[in-house]
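Below is one structure; the comments refer to it alone.
The values are calculated or read from the model by the stated rules, or taken from the named source; none is laboratory data. None of these values were measured; they are calculated from a predicted model. In this analysis, Cβ positions are derived from the backbone assuming ideal geometry, glycine residues included, and neighbour counts consider all displayed protein chains. All accessible areas refer to the heavy atoms of the entire protein, side chains included, with ligands and DNA or RNA removed. Shrake-Rupley method; radii C 1.70, N 1.55, O 1.52, S 1.80 Å.
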Amino acid sequence: MGAQGAEREIVHLLRKVTVEFGLRQAEFAARNGMHPTDVRALVCLLDAERNGTDATAGRLGAELGLNSAGTTSLIDRLERLGHLTRTRDARDRRRVLLSVTPQAVELGWAAFGPMIGSTEALLREFDEAEVAAVRRFLLGFHAAVSAEPDPADGADRP
């Protein structure tokens, strides 16, 4: 196991998974004439849809850390590629809502569907308590990586 212990090994395995997943996303983007940020934007929009949250340019820009001009450029690019639509909000005609096109969803499923299916199959091998533990770990890890680092905590260590 090594001097660092099981906990450190799991952190390194998770890093390995995230690096590999990032590479797959970058390859997908390059194959489809997109920038990696375009893929992140589509994921954000799909997450908003899944959560029942209205997706607007302002919300998307905030999630991606983009300024207004960068967000507009991103949205224009995705719309040109046929991956995104803009529609006026029926409740507030001043707002424009963004959504991922069925074409983009199909493209994503063609690339990532097998991996998602394999992961779901793996999780079906786990009992309810194991699935709950995985969920709790991933939620906790997400909270840890989303938190602003405190320089006093030694966050500069590798």
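Just one of the numbered conditions (1) in a loop (DSSP other than H, G, I, E, B); (2) of a type outside the set (Lys, Arg); (3) modelled with pLDDT of 90 or more is not true of residue 139: (1).
When residue 104 is tested against (1) loosely packed, with under 14 Cβ neighbours inside 10 Å; (2) touching a residue at least 24 places away in the same chain (Cβ under 8 Å); (3) under 19 Å from residue 31 (Cβ atoms), just one condition goes unmet, and that condition is (1). Scanning segment 80-98 for residues that are out of contact with any Leu (no Cβ under 9 Å at 6 or more places or on another chain) and either under 16 Å from residue 29 (Cα atoms) or aromatic (Phe, Trp, Tyr) (or both), we see that the one that is least open to solvent (accessible area, probe 1.4 Å) is 82.
In segment 126-148, the residues that are on the phi < 0 side of the Ramachandran plot form Cβ pairs under 8 Å with partners that are open to solvent by less than 90 Å² (accessible area, probe 1.4 Å) and among the β-branched types (Val, Ile, Thr), at six or more places apart or across chains, as follows: 126/134. When segment 120-135 is filtered for residues that are part of a helix (DSSP H, G or I) and loosely packed, with under 11 Cβ neighbours inside 10 Å, the ones remaining, listed by number, are 120, 121, 122, 124, 128, 129. Within segment 18-25, is even one residue acidic (Asp, Glu) and surrounded by 15 or more Cβ atoms within 10 Å (Cβ to Cβ)? No - not one qualifying residue is present in segment 18-25. Of all residue pairs spaced 6 or more apart or on separate chains, those with beta-carbon atoms under 7 Å, a first member in segment 30-49 that is assigned to a helix (DSSP H, G or I) and a second member that is of a type in the set (Phe, Trp, Tyr) and at pLDDT 95 or above are 39/28. For residue 6, the criteria (1) loosely packed, with under 14 Cβ neighbours inside 10 Å; (2) assigned to a loop (DSSP other than H, G, I, E, B); (3) among the aliphatic types (A, V, I, L, M) hold in every case but one, which is (2). Among the residues of segment 27-76, the ones that are charged (D, E, K, R), open to solvent by less than 70 Å² (accessible area, probe 1.4 Å) and over 16 Å from the mean Cα position of the chain (by Cα) come to 2 in all.
Return yes when residue 114 is in a loop (DSSP other than H, G, I, E, B), under 21 Å from the mean Cα position of the chain (by Cα) and surrounded by 10 or more Cβ atoms within 10 Å (Cβ to Cβ) and no when it is not. Answer is no for this residue.
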